[in-house]
1. Only Cα pairs under 8 Å and at least 6 apart count here; give the relative contact order of region A:179-228 as a rounded whole percent.
2. How far, in degrees from 0 to 90, does helix A:219-228 lean away from the longest principal axis of the Cα atoms of chain A, to the nearest 10?
3. Mind checking which of B:148, B:41, B:125 has the largest fluctuation in a GNM of chain B, springs on alpha carbons under 10 Å?
4. Determine the shielding of peptide A:85-91 by partner chains: average, over its residues, the number of Cβ atoms on other chains within 10 angstrom of each Cβ.
5. Below 8 Å, C-alpha to C-alpha, sequence gap of six or more: please give me the relative contact order for chain A in percent.
6. Once fully extended, how much extra length lies between residue A:1 and residue A:217, figured as 0.36 nm per residue of separation less the alpha-carbon to alpha-carbon distance?
7. For chain B, what's the relative contact order in percent, using C-alpha pairs closer than 8 Å and at least 6 residues apart?
8. Could you give the distance between the Cα centres of region B:1-64 and region B:72-137, to the whole Å?
């Protein structure tokens, strides 16, 4: 493991968390850094919605194939098992004989992934989601990688709950719903921008993210203003003061 | 995690409506929410812009007073949930946290007999339809299992409010529960993306775009997620006239 990249990553995440930050942007940063640090092919943060569903909060790419792999895990897969057991779940060779999760393994293999890891996002006795890592080759991730991976999953958990007093169990539930709704706003914005400029969803997302960063605004706020705005021009016209 | 829980909850709402010989409405959602979570009362307030605006339905007089009080004061959990797009679970209105957050509302609410108050935004991303408010006369947290059911009920109320607002008159509120309950049982990003795309394709605000998407799926007897997938993949475009649609 690149120890300089490791320290840089944790400094960056810590710096982000002491300031005001957008939770979806934060989770994207975390999945990007997970891929770099752990030499994964792809990564995603999946949250457990109490409606009875695992939902993607952030992923290292917008490839439909990857996002579908998270969706499939509502039926079977490492994230579902991780969520149910509260323990890390590993598959070192999805292309091997008698895979644990046949439909998931087949879809993962088609997407070019051969190993997978799901690390629990835990807060005390509650599992709120998982950090899902994919590798291109068999063999998975080594013990050192998994320790760092679990630490990243823990940072994701803390990041989700940064603002509020987390002694209240209710706070966790409230914050998760806020994060899940932010994701929906961002998807709506991606669609509007992709249609306006005739670009794909990945590019639309990148534009929204870059604009938010460069104009020092929260990604969710940019997305909401864009979706609510009367025009689909982007970058949007000069920002009005928020109405309260 | 296959969406079966959502189907079971929506079946309760449909059953409650059927028992009254009516089409399902937000009144049924409120009634089911109260009985399944063992609460004292519930109400739905419609939004205008990003603020709660007027009371759509209540299950009892105390709920009506709690709903109206928040509108009058411009303060309270119902306002907060629309601003934050997250639920508020105030299990004990007598605690310091509630007094701090809602200094005018809290003492008045306690006077009315509310010990705990729970509010859910009725939203789909940037679309704000209203608020579902619930109270219990005794303080105490919401049991974990009930929270998921209330989220599902809030989704049902959202879809009903959006449907009736955007002229689902032919389909009726029943469109929410006939073909479409299964479609909203498992959330799909394509539905949100297609909604955004439709704001441009149809030249309408996002709430109307969502209503048109659902209406189209219903009229074609297709799953919402499948229609959304076709729109995102650009195999399908919806025209500005309700009856017009076509390929790319």
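Every read-out reported here was derived from the displayed coordinates using simple, explicitly stated rules and does not represent laboratory data. Computed from a predicted model, the values in this text were never measured in an experiment. FYI the Cβ positions are ideal-geometry reconstructions off the backbone, even for glycines, and counts take in every protein chain you see.
1. On the way: 38 pairs, mean separation 22.4, N = 50.
Reported as a whole number, the value is 45 percent.
2. Approximately 50 degrees, to the nearest ten.
3. Answer for the Gaussian network model of chain B: B:125.
4. Values: counts 0, 0, 0, 0, 0, 0, 0.
Per residue, the number of nearby Cβ atoms from other chains is 0 on average.
5. Working: 353 pairs, mean separation 43.1, N = 244.
In percent, rounded to a whole number, it is 18.
6. Going from the current span to full extension adds 74.4 nm.
7. Values: 434 pairs, mean separation 44.4, N = 248.
Across chain B, relative contact order equals 18 percent.
8. About 17 Å separates the Cα centre of region B:1-64 from the one of region B:72-137.
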